[in-house]
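Report on the following structure.
The values are calculated or read from the model by the stated rules, or taken from the named source; none is laboratory data. Treat the numbers as computed from the prediction; the structure is a model and nothing was measured. Virtual Cβ from ideal backbone geometry, glycine too; neighbours counted across all protein chains shown. The protein model used for the area step is the full one, side chains on, heavy atoms only, and it has no ligands, DNA or RNA in it. Shrake-Rupley method; radii C 1.70, N 1.55, O 1.52, S 1.80 Å.
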Amino acid sequence: MLTDLTLTEFLEKTASNSPVPGGGSIAALSAAIAASLSEMVAHLTIGKKGYEVLEEEMQDIAKDAFQYRERLMKYIDKDSNSYNDVIAAFRLPKSTEQEQNNRNGAIQEALKKAALVPLDVARDAFKVIELAGKVIKQGNKNAVTDAAVAVMMARTAALSALYNVKINLASIKDTNFVEEIREEIKHMESEIVNREGEILSDISI
């Protein structure tokens with residue numbers, strides 16, 4: 001599993017001529033890092049003088065950030081596995097008409113899965129933007145730039161993941177599926193950029 005590699009091993013594998021981990025896995029990793037930073041700032045607020053009234057809220061934020069971190073880490077491998085499934089589908093036999101039909105069906109299903117995995121990453125990354133926004137607004141002011149990095153990392157992760165959704169949609173023949181996902185992407189892209197701007201505008205350093 002990619003998540004079992006050391007940081008050095010992961011970067012070396014990314015830099016190699018292997019197609020995985022690719023952009024989708026990196027987007028998931030970026031979102032997981034953003035969740036980690038949000039969790040860190042919440043922990044740096046808990047128990048600190050002057051922030052007592054926010055103790056319970058910061059504990060909730062830390063818990064939510066941890067859950068997103070755990071889930072997003074799983075998407076690092078899920079994205080690579082979905083890519084491998086697409087390749088496996090393309091390698092299915094196609095000598096007969098039945099084999100061709102089976103192969104085409106398998107390819108379409110694999111492409112849908114490959115589109116939905118990064119879509120889930122983008123959805124979770126957007127939630128992380130909101131969590132980071134909360135710790136920017138109410139968390140330990142000495143760690144506000146760490147929370148700002150979390151917002152920017154989550155923004156990049158979300159938009160990057162949506163690019164990976166788009167490239168898979170281009171080969172999917174189910175028009176209802178494609179249109180539904182495209183509408184969600186259009187809405188999300190606008191919301192992601194707007195929320196980042198709104199959140200970062202609250203920072204004065």
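Structure summary
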| quantity | calculated |
| --- | --- |
| Subset of segment 1-22 (residues that are in contact (Cβ under 8 Å) with a residue 60 or more places away in the chain and farther than 25 Å from I167 by Cα) | none |
| Cβ pairs under 6 Å, 6+ apart, first in segment 56-75 and on the phi > 0 side of the Ramachandran plot and polar (S, T, N, Q), second part of a helix (DSSP H, G or I) and surrounded by 14 or more Cβ atoms within 10 Å (Cβ to Cβ) | none |
| Condition met for E179 (among the acidic types (D, E), out of contact with any Asp or Glu (no Cβ under 6 Å at 6 or more places or on another chain) and surrounded by fewer than 19 Cβ atoms within 10 Å (Cβ to Cβ)) | yes |
| Those residues of segment 26-57 which are farther than 18 Å from R155 by Cβ, among the β-branched types (V, I, T) and open to solvent by less than 50 Å² (accessible area, probe 1.4 Å), in sequence order | T45, I46 |
| E191 vs. criteria in a helix (DSSP H, G or I), of a type in the set (D, E) and open to solvent by 60 Å² or more (accessible area, probe 1.4 Å) | yes |
| Residue check for K113: part of a helix (DSSP H, G or I), in contact (Cβ under 8 Å) with a residue 40 or more places away in the chain, farther than 24 Å from L7 by Cβ and open to solvent by 70 Å² or more (accessible area, probe 1.4 Å) | no |
| Among residues of segment 56-106, those that are under 28 Å from the mean Cα position of the chain (by Cα) and more than 28 Å from V165 (Cβ to Cβ), counted | 7 |
| Qualifying residue in segment 161-169 (condition: more than 23 Å from L29 (Cβ to Cβ) and modelled with pLDDT under 95) | no |
| Residues of segment 85-97 satisfying the condition of being in a helix (DSSP H, G or I) and open to solvent by 70 Å² or more (accessible area, probe 1.4 Å) | F90, E97 |
